[in-house]
Amino acid sequence: MADWLYSFDVWDTLITRRTASAHGIFAIMQDKICNDVSFCQTDIFFRQNFASIRVDTALFLKKANKSRHGHSEITLEEIYRLIANNFRLSETLSEKLVNLELETEYRNAVPIYENIEKVRKLLKEKAQVILVSDMYLTAEHIRKILLQFDDVFNDIPIFVSGELKRSKERGDLYRHIKDVYRADYRKWRHCGDNLKTDVDNARALRINADFFAPKVLKSYEKTLLRSGNTLEFQAYLGCSRLLNDSASEDSIYGFGVSFSGAILYSYVSWLLNISSGEGITDLYFIARDGFVLKKIADVIIAAKKLSLRTHYFYGSRLSLRIPGCENIDEFIRMTFGEYKRSFCFERLALRLGIGFDVLKKYFDVSNADKSAKQVEIYEKAALASDGLKAEVIAAHEQNRKLLKRYLRQEIDFDRKFAFVDLCGSGRTQDMLES
């Protein structure tokens with residue numbers, strides 16, 4: 001294998017970012033700049049629009065270099081030199097911004113161990129391995145980022161477009177490497193995530209190119225990101241991208257990660273903040289809707305070291321909505337309200353907890369009118385019937401005793417607590433309270 005050359009792209013092949021896109025690095029920086037007093041001397045417009053300024057400056061420089069020098073390769077120093085000139089930043093402040101970007105890239109890099117292991121295996125077999133990147137960072141900076149994950153990158157040569165003023169995009173970076181190693185294109189294998197620069201352009205030179213499919217955003221996530229390059233969107237969508245192993249738009253897991261998860265997390269986060277502010281010490285998550293919510297809450301509580309206790313409370317709506325003298329009217333209204341559109345006396349008897357024969361004592365069920373107006377008449381008649389109420393309460397007497405025993409068993413009434421449900425109307429809690 002010694003006469004073969006193996007090359008790997010860097011970003012989205014060996015490492016990726018925690019953010020949804022590369023521009024997420026600038027959104028993180030903007031948040032830092034807006035909240036760090038050491039940047040307060042800069043113009044407020046610059047601080048609040050840094051991310052777009054950083055993106056636009058790089059695009060402008062690429063076009064300018066293309067026009068003046070015939071290539072579009074740029075370096076980080078060139079980018080911040082122009083930013084400093086446009087916004088009258090001191091050399092010290094410009095250098096601080098460069099260091100902030102390098103630090104932000106370093107801290108938000110995520111390894112792709114699948115391909116790092118390929119590099120390790122090739123080196124173990126004494127193969128010649130190099131890294132090739134169309135990038136504005138230097139080889140030294142890229143190496144530092146890679147070394148935090150594996151020391152295998154300590155001595156691997158790194159060819160970077162910004163330094164060499166050659167690129168995979170134009171193909172001249174491949175040709176430069178061929179000259180350096182006197183390589184045979186037919187004995188060169190390259191791996192990368194970009195179909196054009198890593199695959200098509202390499203294959204055009206007869207290099208053996210392998211496409212590595214990167215983790216990408218789903219179509220609806222891309223739409224959300226286009227609405228604004230904010231730190232919140234970049235962080236949320238970046239997390240979704242990294243967790244989502246399925247490329248299918250219809251994947252249930254994928255939909256949960258990228259859509260439902262964000263909603264549930266936000267709900268639980270809000271809930272914990274409210275609970276802490278209200279002095280609540282215990283949260284009872286009602287089965288089954290509360291199962292996932294409790295898991296999310298436990299993670300947040302542990303991370304933020306909150307003094308809240310969570311409990312999984314077993315109880316269906318049917319088992320918790322037990323009528324008694326205090327809430328019989330509410331129970332009847334609730335029962336009629338839930339079944340107005342699908343009314344029938346058999347279902348009414350079942351939900352009231354009494355036999356159909358008992359219900360027939362209070363209603364003429366032989367030719368029931370199911371119109372909304374007539375159902376309201378039935379409801380008023382039920383509310384006015386002391387006999388029917390007494391029979392419903394008696395039918396639930398044993399269940400009510402069992403429920404009280406269960407509540408005393410599960411809940412510490414000496415502490416301030418709250419129930420947590422999802423998509424509930426609050427009627428169950430109203431019934432429990434009474």
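The values are calculated or read from the model by the stated rules, or taken from the named source; none is laboratory data. Keep in mind the model is a prediction, meaning the values are calculated, not measured. Cβ placement follows ideal geometry from the backbone for every residue including glycine, while neighbour counts extend to all protein chains displayed. Just the protein is used for accessible areas: all its heavy atoms, side chains included, with ligands, DNA and RNA removed. Shrake-Rupley method; radii C 1.70, N 1.55, O 1.52, S 1.80 Å.
Among the residues of segment 120-173, just one is touching a Gly at 6+ places or on another chain (Cβ under 9 Å) and open to solvent by 50 Å² or more (accessible area, probe 1.4 Å), namely Asp134. Taken over segment 174-192, the criterion of being of a type outside the set (Ser, Thr, Tyr) and either more than 22 Å from Ala127 (Cα to Cα) or open to solvent by less than 20 Å² (accessible area, probe 1.4 Å) (or both) is satisfied by Ile177, Ala183, Trp188, His190, Cys191, Gly192. Within segment 126-142, one or more residues are among the aromatic types (Phe, Trp, Tyr) and in contact (Cβ under 8 Å) with a residue 60 or more places away in the chain. Determine, yes or no, whether Asp282 is out of contact with any helix residue (DSSP H, G or I) (no Cβ under 6 Å at 6 or more places or on another chain) and either open to solvent by less than 30 Å² (accessible area, probe 1.4 Å) or among the basic types (Lys, Arg) (or both). Spelling it out, Asp282 is indeed out of contact with any helix residue (DSSP H, G or I) (no Cβ under 6 Å at 6 or more places or on another chain) and either open to solvent by less than 30 Å² (accessible area, probe 1.4 Å) or among the basic types (Lys, Arg) (or both). Every condition in (1) closer than 30 Å to Cys423 by Cβ; (2) touching a His at 6+ places or on another chain (Cβ under 6 Å); (3) not aliphatic (A, V, I, L, M) is met by Ser251 except one, and the failing one is (2).
Working carefully through the options Leu195, Leu205, Leu225, Leu217, find the one that is open to solvent by 30 Å² or more (accessible area, probe 1.4 Å), of a type in the set (A, V, I, L, M) and in contact (Cβ under 8 Å) with a residue 60 or more places away in the chain.
Answer to the selection: Leu225.
The set of residues in segment 265-291 being within 23 Å of the chain's Cα centre (by Cα), among the hydrophobic types (A, V, I, L, M, F, W, C) and under 17 Å from Ala302 (Cβ atoms) consists of Val268, Leu271, Leu272, Phe285.
Contact map, segment 353-365: residues that are among the small types (Gly, Ala, Ser) paired with residues that are surrounded by 15 or more Cβ atoms within 10 Å (Cβ to Cβ), Cβ distance under 6 Å, separation 6+ or inter-chain. Pairs shown: Gly353/Ala395; Gly353/His396.
Of the helices (runs of 4 or more DSSP H) contained entirely in segment 133-192, those carrying at least 3 residues that are within 25 Å of Tyr106 (Cα to Cα) fall at 139-147, 161-164.
Could you list all residues from segment 285-303 that are among the small types (Gly, Ala, Ser) and open to solvent by 20 Å² or more (accessible area, probe 1.4 Å)? Correct list: Ala287, Ala302, Ala303.
What's the number of the condition Ile33 fails, among (1) open to solvent by 30 Å² or more (accessible area, probe 1.4 Å); (2) closer than 14 Å to Thr104 by Cβ? Looking at each condition in turn, Ile33 falls short on (1). Out of Asp250, Asp245, report the one residue that is at pLDDT below 85, among the charged types (D, E, K, R) and under 24 Å from Ile116 (Cβ atoms). Answer to the check: Asp245. Going through (1) over 25 Å from Pro214 (Cβ atoms); (2) aromatic (Phe, Trp, Tyr); (3) modelled with pLDDT of 95 or more one by one, Phe26 falls short only on (1). Any chance segment 317-331 includes a residue that's under 30 Å from Val268 (Cα atoms) and aromatic (Phe, Trp, Tyr)? The answer is yes, given that some residue of segment 317-331 is under 30 Å from Val268 (Cα atoms) and aromatic (Phe, Trp, Tyr).
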